[in-house]
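Values quoted throughout were computed directly from the atomic coordinates according to the rules given, and no laboratory measurement underlies them. Model, not experiment: these values are computed from the prediction. Using ideal geometry, Cβ is built from the backbone for each residue, glycine included, and neighbour counts are taken over all protein chains shown.
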Amino acid sequence: MSATDDPHLGTAEQEPLGPPPISPLRENWRYFLANRGAVIGLVVIALMVLTAIFAPLIAPHDPTAQFRDALLVPPAWTDKGRPEFLLGTDALGRDILSRLIFGARYSLAIGLVVVTLALVSGILVGLVAGYFGGWIDGLIMRVMDIILAFPSLLLALVLVAIIGPGLFNAMLAIAVVLQPHFARLTRGAVMAEKHREYVTSARVAGAGTLRLMLVTILPNCLGPLIVQATLSFSNAILDAAALGFLGMGAQPPTPEWGTMLAEAREFITSAWWVVTMPGIAILVTVLAINLIGDGLRDTLDPKLKRS
């Protein structure tokens, strides 16, 4: 008599079905970690965020303190450098390293605020245009086309000139310039998703318009928006630095990197470190963010995933 014929022995043990499936989040994280450049960019940005958070503890001096006996002191590793000013001082005797450390707060805050404003407004506009279509879609997209027809920095400069110089006004102007990119991406994704079966099923089940737009369709459109938000973060930092350089963004003595460049224009040939250090900070930040954006694009796009 076999074991399966004896009622007292119970049923035979089933064969194991193999390892459990990997969740999409863990799988995407694995693909992201496979991109060495994206990991390096993430580490750099993480260190910069920690630097911005703990700036009062890390900075060796007050960013606005003026040392009258240390005007335009070169970096510490040069012949005339002083060890208490590792990256040198500017024309007013302020420590450049301290100003760069506190400037990370402004640059990261600018990117975060600008991207948040542009992302939220762009998603709302794109959802309305893509879902309803017709003349609403045509009107909204023509306005977006008009905004995109202007060079981004020129349009931001005009807007700041109209509403007045200042850091908040500069962020608002840059958000307006970046918003059409999110609106067009959202519109295209919504138009591709709104006729799918799961949307039709939700509509038949009684879901209202807002629920269909925000709960049913929007979560399936977030992939390209996340990538665009990451890349727009670096654009926001660059545009804010450019406006600060032109005197239309953050105003002195704010230790914003673009403003630091503007204050150092006349010392390009005589004190190279005053211009070079803020420029390197902007370069490293933008490069790290772009590396993260490339990694997210490769991770979230199934066609670009490496085996």
Inset, instruction - In a Gaussian network model over the chain where Cα atoms closer than 10 Å are linked, find which of 90, 137, 79 has the largest mean-square fluctuation. - result: 79
Inset, instruction - Indicate the gyration tensor shape class of segment 88-177 (rounded, prolate or oblate), computed on the Cα atoms with a ≥ b ≥ c the square roots of the eigenvalues: a/c under 1.5 is rounded; otherwise a/b larger than b/c is prolate and the rest oblate. - result: prolate
Legend entry - Cα-projected label distance for residue 284 with residue 86, points at 7 Å along beta-carbon direction, nm: 0.9
Inset, instruction - Rank 33, 86, 214 by mean-square fluctuation in a GNM of the chain with C-alpha springs under 10 angstrom and give only the top-ranked residue. - result: 214
Inset, instruction - Could you work out the per residue convex hull volume over the alpha carbons of segment 41-126, in cubic angstrom? - result: 123
Legend entry - For the chain, with +1 on Lys and Arg beta carbons and -1 on Asp and Glu, the positive-most of 223, 111, 155 along the dipole: 155
Inset, instruction - Compute the long axis of helix 167-193 from its Cα atoms, compare it with the longest principal axis of the Cα atoms of the chain, and write down the angle in degrees, 0 to 90, nearest 10. - result: 20
Inset, instruction - Using the number of other C-beta atoms within 10 angstrom as an exposure proxy, rank 98, 107 with the fewest first. - result: 98, 107
Legend entry - Burial ordering of 257, 135, fewest other beta-carbon atoms within 10 Å first: 135, 257
Inset, instruction - Could you check the simple spin-label distance between residue 220 and residue 146, using points 7 Å along Cα→Cβ, in nm with one decimal? - result: 3.4
Legend entry - Residues of segment 78-119 with amide N under 20 Å of the 7 Å Cα→Cβ point at residue 272: 78-83, 85-91, 96-97
Legend entry - Size of the chain as Cα extents on the principal axes (Å, biggest first): 99, 62, 29
Legend entry - Inter-label distance, nm, simple model (7 Å from Cα along the C-beta direction), residue 40/residue 162: 4.2
Inset, instruction - Neighbouring Cβ atoms within 10 Å as the yardstick, rank 259, 269, 216 fewest first. - result: 269, 216, 259
Inset, instruction - Give the share of C-alpha pairs in each 10 angstrom bin for segment 158-307, from 0 to the last occupied bin, in whole percents, shortest bins first. - result: 10, 27, 26, 19, 12, 4, 1, 0
Inset, instruction - Report the residue, chosen from 95, 62, 294, that carries the largest GNM mean-square fluctuation when the chain is represented by alpha-carbon nodes joined by springs under 10 Å. - result: 62
Inset, instruction - List, in order, the whole-Hz ³J(HN,Hα) value for each residue of segment 216-228 obtained from phi through the Karplus relation with A = 6.51, B = -1.76, C = 1.60 and θ = phi - 60°; use x for Gly and Pro. - result: 8, 8, 4, x, 8, 10, 7, x, x, 5, 5, 5, 5
Legend entry - Rounded FRET efficiency, nearest 0.05, which uses the C-beta distance separating residue 58 from residue 191 and R0 of 30 Å: 0.05
